[in-house]
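To keep things clear, I will list the structure first and then write my remarks on it.
The values are calculated or read from the model by the stated rules, or taken from the named source; none is laboratory data. Given the structure is predicted, the values throughout are model-derived calculations rather than measurements. Backbone-built Cβ (ideal geometry, glycine too); neighbour counts: all protein chains shown. The area values use the complete protein model at the heavy-atom level, side chains included, leaving out ligands, DNA and RNA. Shrake-Rupley method; radii C 1.70, N 1.55, O 1.52, S 1.80 Å.
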Amino acid sequence: MKNYSKITPEGTKDLLFEECLANRTVSSILGKVFSKRGFHEVLTPAVEFYDLFNEECSGIPMEYMFKMSDSKGRLMVMRPDSTLPIARMVTTRLKSMQHPIRLFYNQRVYRYNPGLTGRSNEVMQAGIELIGAKGKRADLEVITTAIEALSKCVPDFRIELGHAGFFKALAQMLPVSREEREELRMLIESKNDSALNSKLDTLEQTPAVNAIRRLPRLFGGIEVIDEACRLCDDAEALQTLAYVREIYHHLSKYGLGDRLIIDLGLVQRNDYYSSIVFSGYVMGSGEPVLIGGRYDNLLDHFDAPAPAIGFGINVDALARVMLKRGNIAQKKQPDVLVHADEGYEIEAIQYTETLSKAGILGENSVFETEAEAWQYARFKGIKKLAVVGEEIRTVETGV
């Protein structure tokens, strides 16, 4: 049998040095933004019962989850999403807490991506959930928090706005099954015009069909709303468009310019979201680094109905972009390598600590001889070697 002990599983990778630093930097930046906005940090277990993520509730197909069983034979999954565990937490441990509840998280999620297409099966995700608040003010609070979070990391992001209810209203008028409706949703999300048109060509060409046909291209400024209004006369669909227009109008005052975009083809996990949806993109990343929206019906599954809205940020993707651009401050090389003469090992460690308190970065030598320490210092680019014995002497390494 083949031995896999020297490789990582597909869709995962080891993070080294600067990558770890980049991830920690991004997580720290986001955490400070969320805390400043009044959100409180929580962590949920990496392993949850499958029942929490059944597809009807989560919108995540079972085959996309990493599954296992516990000692009692119960089906478990590695956490594929952070929102549902937090919803569970809110309706159990935090059920007596005053609404609205502001929570943020920074934890890994695990989801199988067929074919990968450049995506990872293991992602560090940071985000917020605002639970127990509905309406325009809550939506603006969360979306502007997303904007602030991205702006603290990169300047050239863009925010796309949509509404889950627009596609739902149109799809309800089509004579299709739930599975066929999900297929249409996936084709719209991937902006696969050819396959979408082929599917819609088999249906009667009603205004709803023609509107759905246009969804992948309803992308741009406020003119997109005007075009969409001309495509349909359904009262529910028009109401969703009016709300997107209102949110867009308010966010236009936030100084985003052409980085604020309307995308009515933004229909990811449509049954999961109930109203406004939004995504964040950054130049240099082929996938959205931020996905969010309102999910007012989700807590119904826990017998604790409450409105809610939130978003999640792909910390790994954002860290890769910042690292590639040189936006991550590199770890400083030691100023001094401290080496101990025989019998002065503790004194050398204490001297290294003394240097640190004085703002001088020192590294303690673990080599047996001064010659080995000197060679190591030269290789690492450390300019000085301090040798601790009866007295302390400093040697220049010549680098």
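Numbers at a glance
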| quantity | calculated |
| --- | --- |
| Average accessible area per residue (Å²) across the chain - probe 1.4 Å, nucleic acids and ligands excluded | 52 |
| Segment 1-100: C-alpha gyration tensor shape, a/c 1.5 cut-off, then a/b vs b/c | oblate |
| Segment 347-399: relative contact order in percent, alpha carbon pairs under 8 Å with at least 6 residues between | 25 |
| Those residues of segment 77-103 whose amide nitrogen sits under 18 Å from the label point placed on ARG119, 7 Å along Cα→Cβ | 78-84 |
| Protein accessible area in segment 211-289, 1.4 Å probe - carbon and sulfur % | 52 |
| Heavy atoms of MET78: accessible area, 1.4 Å probe, square angstrom to 10 | 40 |
| List TYR254, TYR273, TYR351, ordered by accessible area with a 1.4 Å probe, largest first | TYR254, TYR351, TYR273 |
| Overall form of segment 274-366 per C-alpha gyration tensor (a/c, 1.5; a/b vs b/c) | prolate |
| With DNA, RNA and ligands ignored, accessible area of LYS72 (1.4 Å probe; Å², nearest 10) | 150 |
| Whether segment 337-399 is rounded, prolate or oblate, judged on the alpha carbon gyration tensor where a/c under 1.5 counts as rounded | oblate |
| Mean separation of Cα contacts under 8 Å, 6 or more apart, over the residue count of the chain: relative contact order % | 17 |
| Inter-centroid distance (Cα atoms) of segment 248-303 relative to segment 83-111, Å | 20 |
| Under Karplus coefficients 6.51, -1.76 and 1.60, residue-wise ³J(HN,Hα) of segment 185-200 in Hz, glycine/proline x | 4, 5, 5, 5, 4, 7, 6, 8, 4, 4, 5, 4, 5, 4, 5, 6 |
| Listed residues SER198, SER274 arranged by accessible area, highest first, probe 1.4 Å | SER198, SER274 |
| Portion, in percent, of the accessible area of segment 1-149 that falls on carbon or sulfur, probe 1.4 Å | 54 |
| Computed accessible area, SER356, all protein chains, 1.4 angstrom probe, square angstrom | 80 |
| Listed residues ARG245, ARG88, ARG230, most fluctuating in the chain (Gaussian network, C-alpha, under 10 Å) | ARG230 |
